[in-house]
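First up is the structure itself, then whatever we jot down about it.
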Amino acid sequence: MAVKVRIPTPLQKLTEGKEEVESAAGTVIDIVKDLDGRYAGIAERISDGGKIRRFVNIYVNEEDIRFLKAEQTTVNDGDIVSIVPAIAGGCL
Amino acid sequence: MGFVEGLKCRECGREYKIAPIYVCEFCFGPLEAVYDYKKIKKSLNRKKILQREKNLWRYKELLPIDGEPQVGLNSGFTPLVETKNLARELGVKSLFVKDDTVVHPTLSFKDRVVAVALTKAKEFGFDTVACASTGNLAHSVSAHGAKAGLKRFIFIPATLEASKITAALIYEPNLIAVDGNYDDVNRLCSEIANKYKWAFVNINIRPFYAEGSKTLGFEIIEQLGWNAPDNVVVPCASGSLLTKVWKSFKEFHEIGIIKKLETKVFAAQAQGCNPIAAALKSHTDVIRPMKPHTIAKSLAIGNPADGYYAVKVVQETGGCGGEVTDQEIIDGIKLLARTEGIFAETAGGVTVAVTKKLIENGSIGKNDTTVICVTGNGLKTQEALTGNMLKAHYIPPKMDAFEEVLLKIK
């Protein structure tokens with residue numbers, strides 16, 4: 001069993017069109033590096049200097065990692081990671 | 001020709017040509033208009049502004065349009081009311097209300113942003129405008145769009161109060177009432193915006209739309225005799241208004257319209273929806289999203305898009321956040337009406353009540369000049385006051401009945 005990672009539409013160009021890919025367990029930032037090994041370019045789209053970009057939300061099993069241990073949140077086999085761009089829209 | 005050079009990502013700095021886009025395709029950050037301030041400095045000065053019509057377009061060089069203004073030619077330039085009674089009641093010397101309860105044509109500051117958004121939509125060649133809204137924005141897009149001859153699609157949560165639905169429907173837009181809350185409506189609109197070539201004012205036109213808020217700040221400075229106040233208190237939903245008011249002050253400073261800028265910016269929120277105030281209180285810039293529960297519905301955004309930037313502005317200027325309960329909001333609305341004769345919507349109650357607290361706890365000094373932003377009209381949110389009002393004296397049409405009441409009043 002591995003970690004399942006859900007890829008948002010704007011990043012699927014980098015994952016050969018796949019909506020979901022797999023990664024080895026580890027911290028969130030380990031997973032970003034792992035994905036970048038196979039899908040070059042994904043790391044710099046969602047992170048900058050080892051930090052997840054501000055307008056990218058990452059959820060581990062539906063919980064926002066900012067309220068876990070951020071980039072250092074541990075992800076175990078069987079967990080689901082979702083990458084969701086924050087929509088810079090809305091009201092005033 | 002305009003003074004905007006292009007759009008730029010606020011996060012990674014990537015630059016884009018002027019287009020109806022709003023998000024950086026590389027890092028997903030928000031895009032913002034970039035101006036040529038050197039050119040503006042040569043072109044715009046106090047004298048030129050003073051010669052122009054009293055509407056929000058008197059600062060047009062600092063707004064993101066290319067041609068002449070086309071929409072909202074009577075919007076803006078609302079009164080800056082110097083309060084005497086309210087100032088006395090709160091124990092301060094100099095307190096002003098920027099009174100956007102009377103913006104033309106739909107009585108909220110949204111008429112400013114929509115004036116800019118629809119002018120830009122026309123420049124882009126759109127024939128249809130749209131928005132997701134819980135009230136004020138729906139009214140403004142419906143009304144401004146009617147006069148501008150644009151097709152309108154207005155998306156609202158189906159649970160919206162009947163009076164707010166009427167105030168939009170009268171302008172005969174296509175009103176779509178969605179079974180869900182504001183966040184659901186917004187999500188649906190993002191999908192629709194991807195599929196249909198419409199100008200969604202708060203989605204693909206957002207970088208232009210949001211700039212319209214700056215006019216509130218330009219007016220404050222002009223109306224204070226070309227001075228920035230010591231403090232400004234701004235209500236926060238997404239945090240955009242607060243960041244744009246500060247931006248307007250900085251721009252006037254940058255182009256030399258004012259020499260001194262030492263304003264502290266304060267963020268006002270309801271306790272039932274306080275993600276920005278909560279972040280400020282715990283000295284962090286991480287916004288924790290929440291489920292709103294407050295009578296101040298126009299401020300009920302649990303996951304504020306500009307929350308991070310609003311927090312930064314408040315911290316950078318030495319201000320702070322403040323939050324108030326629903327009862328304090330109602331008391332704030334009543335206080336403003338009773339002392340200054342201004343009937344604000346619930347967001348205005350938040351601003352007044354937070355200001356009261358900031359004065360009481362010493363964050364706002366008694367000898368400072370303070371401006372509070374009251375952004376919408378109370379006639380729109382009357383239901384919030386149910387059970388909190390004085391009662392009328394009901395009498396038969398007889399003199400003795402009246403005099404009996406008069407005795408009681410005395």
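The values are calculated or read from the model by the stated rules, or taken from the named source; none is laboratory data. Everything quoted here is computed from the prediction, not taken from an experiment. Here Cβ is always computed from backbone atoms with ideal geometry, including for glycine, and neighbour counts include all displayed protein chains.
Residues that are among the basic types (Lys, Arg), in a helix (DSSP H, G or I) and within 14 Å of chain B (Cβ to nearest Cβ) within segment A:18-75 comprise A:45, A:66, listed in sequence order.
Kindly state which strands (runs of 3 or more DSSP E) lie completely within segment B:1-107 and contain at least 1 residues that are within 14 Å of chain A (Cβ to nearest Cβ) and either farther than 30 Å from residue B:352 by Cβ or among the hydroxyl-bearing types (Ser, Thr, Tyr) (or both). Before you say what the answer is, go through the steps one by one.
Details: elements: B:4-9, B:31-35, B:80-83, B:94-99.
It comes to B:4-9, B:31-35.
Within segment B:241-297, restricting attention to residues that are modelled with pLDDT under 95 and in contact with a Cys (Cβ under 6 Å, 6 or more places away or on another chain), the residue that is farthest from the other protein chains (Cβ to nearest Cβ) is B:294.
Inside segment B:212-231, can you point out the residues that are of a type in the set (A, V, I, L, M, F, W, C) and in contact with a Ser or Thr (Cβ under 6 Å, 6 or more places away or on another chain)?
Filtering segment B:212-231 down to residues of a type in the set (A, V, I, L, M, F, W, C) leaves B:216, B:218, B:220-221, B:224, B:226, B:228.
Hits for segment B:212-231 are B:218, B:228.
For segment B:115-150, the candidate set comprises residues that are modelled with pLDDT under 95 and in a loop (DSSP other than H, G, I, E, B); within that set, the residue that is surrounded by the fewest Cβ atoms within 10 Å (Cβ to Cβ) is B:134.
Restricting segment B:272-293 to residues that are touching a residue at least 40 places away in the same chain (Cβ under 8 Å) and part of a loop (DSSP other than H, G, I, E, B), the residue that is nearest to residue B:331 (Cα to Cα) is B:272.
Inspect all residues belonging to segment B:294-302 and state whether any of them is among the β-branched types (Val, Ile, Thr), over 20 Å from residue B:372 (Cβ atoms), surrounded by fewer than 24 Cβ atoms within 10 Å (Cβ to Cβ) and free of Cβ contacts under 8 Å to residues at least 60 places away in the same chain. Checked against the condition, which is being among the β-branched types (Val, Ile, Thr), over 20 Å from residue B:372 (Cβ atoms), surrounded by fewer than 24 Cβ atoms within 10 Å (Cβ to Cβ) and free of Cβ contacts under 8 Å to residues at least 60 places away in the same chain, segment B:294-302 yields no hits at all. Can you find, within segment B:214-251, the residue that is surrounded by the most Cβ atoms within 10 Å (Cβ to Cβ) among those that are touching a helix residue (DSSP H, G or I) at 6+ places or on another chain (Cβ under 8 Å) and on the phi > 0 side of the Ramachandran plot? Ranking the qualifying residues of segment B:214-251, first place goes to B:239. Of the listed requirements (1) at pLDDT below 90; (2) within 14 Å of another protein chain (Cβ to nearest Cβ), residue B:163 misses just one: (2).
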